[in-house]
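See below for the structure under consideration.
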Amino acid sequence: MARTVARVIVDALSELGVRQVFGVVGDALNPLTDAIRTTEGLEWVGCRHEEAAAFAASAQSQLGDTLGVCMGTVGPGSLHLLNGLYDAAKSHTPVLAIAGQVPLAEIGSDYFQEIDNDAVFSDVAVFRATITSPDQLPQMLETAVRTALGRKGVAVLTVPGDLGERELTADRPARFSLNAPLSRPDESAVRRAAELLDRAERVTLLVGRGAREARDDVLALADRLAAPMVLTLKAKAGFEGDTNPYQVGQTGLIGNPAAASALQDADTLLLLGTDFPYRDWYPEGRTVIQVDTEATHIGRRVPVQLGLVGDTGATVRDLLALLGTAPSEGGEGARDRAHLEKARDRFDTWRAGQARLADPSHDKGLLGRVRSALDNRTHDIRPEALAALVDRIAADDAVFTSDTGMATVWLSRFVEMRGERRLIGSYNLGSMANAMPQALGAQFLDRERQVVAFCGDGGLAMLLGDLMTLKTYRLPVKLVVFDNRRLGMVKLEQEQAGLPEFGTVLDNPDFAAVARAMGIPGIRVTDPERLEDAVREAFAAPGPVLLDVLTNPDEIAVPAKPTVQQGWGFAVAKVKEIVRSHGDAAED
């Protein structure tokens with residue numbers, strides 16, 4: 001007996017090794033979800049919002065180096081997938097989205113809930129198509145999957161509601177073999193890069209996610225060049241920790257002065273596997289060499305003297321074979337390590353200062369008491385202290401997710417991606433509400449591995465309903481909520497521009513009580529003296545826990561290169577806020 005369209009799709013997903021499909025059930029998906037129900041080893045995960053489903057699928061793809069799969073039914077169901085799919089697209093990770101559609105005969109008639117999926121997903125997807133005949137399978141599915149995997153992007157396959165149960169006339173197994181060759185730049189270009197690096201006096205590496213699989217080679221190159229290594233946020237996992245004596249943290253708004261000066265002091269920059277987008281943080285007038293697998297990335301952020309298109313590991317190994325004398329060998333041509341040592345010393349000094357901020361006793365001194373009295377916030381908890389405690393208590397193989405905004409700032413500065421820790425977030429799209437649903441996807445990959453979500457209060461509230469998904473599937477995710485009752489990053493942006501805070505205040509519920517009402521243990525912390533005990537209690541619990549910590553909304557993160565204009569704008573904004581606050585009090 002020939003298989004149905006739904007059965008062919010679901011069997012193929014199972015053969016690909018897909019273990020979960022995330023979505024919200026609906027009429028057009030019924031044949032597909034019923035096929036999943038009867039397929040051993042493939043689990044349907046019913047989310048409360050399709051956006052959460054797409055974020056979860058994207059997280060699985062990024063962490064498991066596999067295909068993530070999500071589904072949305074006709075019209076609104078598919079539209080809700082969009083934000084999570086855009087995040088997957090900008091994260092360059094393969095995701096297959098199955099979108100429901102109205103019955104085949106009704107397409108184009110402005111039918112109830114009908115949208116043109118092929119048009120809607122045209123920008124986000126590297127492949128999109130609507131199945132109009134059972135005999136288009138399995139070839140159309142094969143093309144969708146190969147395109148998603150080969151181009152590391154989103155494929156959207158639309159299935160009309162009356163097509164899922166139709167049988168194929170010529171059934172055959174789907175085939176997905178894909179052998180991506182290891183690419184290398186031209187030999188003459190590598191030789192030219194080696195010549196430029198040999199002539200350079202002060203080299204700094206800017207290392208991104210694309211270099212993670214070549215960690216040992218990149219460290220060997222840093223040693224050979226005596227080069228400090230500036231990391232992008234996505235490169236924290238893989239290059240951070242005591243086993244890397246060259247890294248000096250991140251640059252940019254969430255970065256530190258050591259990384260900013262390491263870039264500024266260099267005469268030559270070597271970019272490895274990064275498309276770091278912030279032009280203002282690249283120094284001008286330097287020799288720049290860039291290595292990337294994507295030719296379109298070369299030179300689009302900063303002018304480059306030489307671009308090498310190829311696999312980072314292979315390219316770095318070729319460079320090591322051509323570069324001059326290694327420092328450990330001494331002798332003529334050995335590198336002066338002053339540039340590296342200066343950057344590392346400055347990084348150590350900055351980290352010591354940050355550790356003081358995270359010390360629970362920081363606000364007990366005279367200045368701290370004065371500040372607390374002026375702010376009238378004697379019980380607000382330092383977000384630095386919370387992040388540092390989580391860093392200390394969490395497992396060395398934990399998976400971390402973070403919401404866009406101040407939660408990411410505190411994670412980037414106070415959580416070290418040592419050991420086998422992994423990190424994902426919406427670091428290219430910059431979406432809110434990503435941390436919790438990404439944690440869902442991560443925890444499904446391995447229920448025994450610790451998963452920690454750094455949630456902003458605004459982000460958590462946006463997709464709050466999917467706390468029930470945690471509860472329903474008994475996922476032991478630890479949700480750490482930085483509850484500053486603000487859209488904190490927007491507040492900081494307004495104040496740096498000299499604007500008073502406006503529209504950022506959040507009237508939050510007691511998130512711990514909300515979690516308990518949903519059947520999830522919730523812990524609320526309002527007293528700094530109780531913080532460590534609460535964090536330890538949350539992480540010792542066997543199942544999901546929501547830790548709601550009331551943090552200081554006025555705590556700011558000073559950027560790596562603070563400007564006079566930013567400082568002046570912040571001062572002006574604070575004066576305006578005080579005047580407005582006094583005016584409100586007079587009216588009251």
M432, sole failed condition from (1) of a type outside the set (D, E); (2) more than 17 Å from D391 (Cα to Cα); (3) buried (at least 24 other Cβ atoms within 10 Å of the Cβ):
(3)
Tell me which of these L320 doesn't satisfy, since it passes every other one: (1) crowded, with 18+ Cβ neighbours inside 10 Å; (2) of a type in the set (A, V, I, L, M, F, W, C); (3) not in a loop (DSSP other than H, G, I, E, B).
(1)
List the number of the failed condition for F22; all other conditions in (1) open to solvent by 10 Å² or more (accessible area, probe 1.4 Å); (2) in contact with a Phe, Trp or Tyr (Cβ under 9 Å, 6 or more places away or on another chain); (3) not in a helix (DSSP H, G or I) hold.
(1)
Look at T243 and say whether it is surrounded by fewer than 24 Cβ atoms within 10 Å (Cβ to Cβ) and outside any loop (DSSP other than H, G, I, E, B).
no
Which ones in the stretch 157-191 are in a helix (DSSP H, G or I) and buried (at least 16 other Cβ atoms within 10 Å of the Cβ)?
A189, V190
All but one of (1) modelled with pLDDT of 95 or more; (2) part of a helix (DSSP H, G or I); (3) open to solvent by 40 Å² or more (accessible area, probe 1.4 Å) hold for D466; which doesn't?
(3)
Hits in the stretch 192-218 (condition: without any contact (Cβ under 8 Å) to a residue 60 or more places away in the chain and buried (at least 20 other Cβ atoms within 10 Å of the Cβ)):
none
For the stretch 106-142, give me each residue that is on the phi < 0 side of the Ramachandran plot, buried (at least 16 other Cβ atoms within 10 Å of the Cβ) and polar (S, T, N, Q).
N117, T130, Q136
Go through the residues of the stretch 485-507 one by one and say whether even a single one is surrounded by fewer than 17 Cβ atoms within 10 Å (Cβ to Cβ), touching a strand residue (DSSP E or B) at 6+ places or on another chain (Cβ under 8 Å) and more than 18 Å from D403 (Cα to Cα).
no
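Residues checked against (1) crowded, with 24+ Cβ neighbours inside 10 Å; (2) under 26 Å from the mean Cα position of the chain (by Cα):
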{"residue": "Q247", "(1), (2)": "yes, yes"}
{"residue": "A266", "(1), (2)": "yes, no"}
{"residue": "L272", "(1), (2)": "yes, yes"}
{"residue": "D280", "(1), (2)": "no, yes"}
{"residue": "E294", "(1), (2)": "no, yes"}
{"residue": "Q305", "(1), (2)": "no, no"}
Out of (1) at pLDDT 95 or above; (2) open to solvent by 10 Å² or more (accessible area, probe 1.4 Å); (3) more than 24 Å from H92 (Cα to Cα), the one E51 does not meet is (3)
Please work out which residue is nearest to W281 (Cα to Cα), limiting yourself to the stretch 224-240 and to residues that are in a helix (DSSP H, G or I) and of a type in the set (G, A, S).
A235
Out of the stretch 25-46, which residues are part of a loop (DSSP other than H, G, I, E, B) and either crowded, with 22+ Cβ neighbours inside 10 Å or in contact (Cβ under 8 Å) with a residue 60 or more places away in the chain (or both)?
G26
Could you go through the stretch 199-215 and let me know if any residue there is assigned to a loop (DSSP other than H, G, I, E, B), within 26 Å of A259 (Cα to Cα), more than 26 Å from the chain's Cα centre (by Cα) and of a type in the set (A, V, I, L, M, F, W, C).
yes
Test: residue in the stretch 251-259 that is in contact with a Gly (Cβ under 8 Å, 6 or more places away or on another chain), surrounded by 24 or more Cβ atoms within 10 Å (Cβ to Cβ), of a type outside the set (D, E, K, R) and closer than 18 Å to G425 by Cα:
yes
With in contact (Cβ under 8 Å) with a residue 12 or more places away in the chain, assigned to a loop (DSSP other than H, G, I, E, B) and closer than 23 Å to L81 by Cα as the only criterion, which of L440, L423, L429 stands out?
L429
Selection count, the stretch 143-156, where residues are crowded, with 20+ Cβ neighbours inside 10 Å and part of a loop (DSSP other than H, G, I, E, B):
1
State which residue is most open to solvent (accessible area, probe 1.4 Å) when the search covers only the stretch 535-557 and only residues that are of a type in the set (A, V, I, L, M) and closer than 25 Å to M489 by Cβ.
I556
Taking the stretch 339-361, which residues are loosely packed, with under 13 Cβ neighbours inside 10 Å and closer than 12 Å to A227 by Cβ?
E341
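The values are calculated or read from the model by the stated rules, or taken from the named source; none is laboratory data. Here the structure is a predicted model, which means the values were calculated and not measured. As a convention, Cβ positions derive from the backbone with ideal geometry for all residues, glycine included, and neighbour counts pool all protein chains shown. Please note that ligands, DNA and RNA were not included when accessible areas were found on the heavy atoms of the full protein model with its side chains. Shrake-Rupley method; radii C 1.70, N 1.55, O 1.52, S 1.80 Å.
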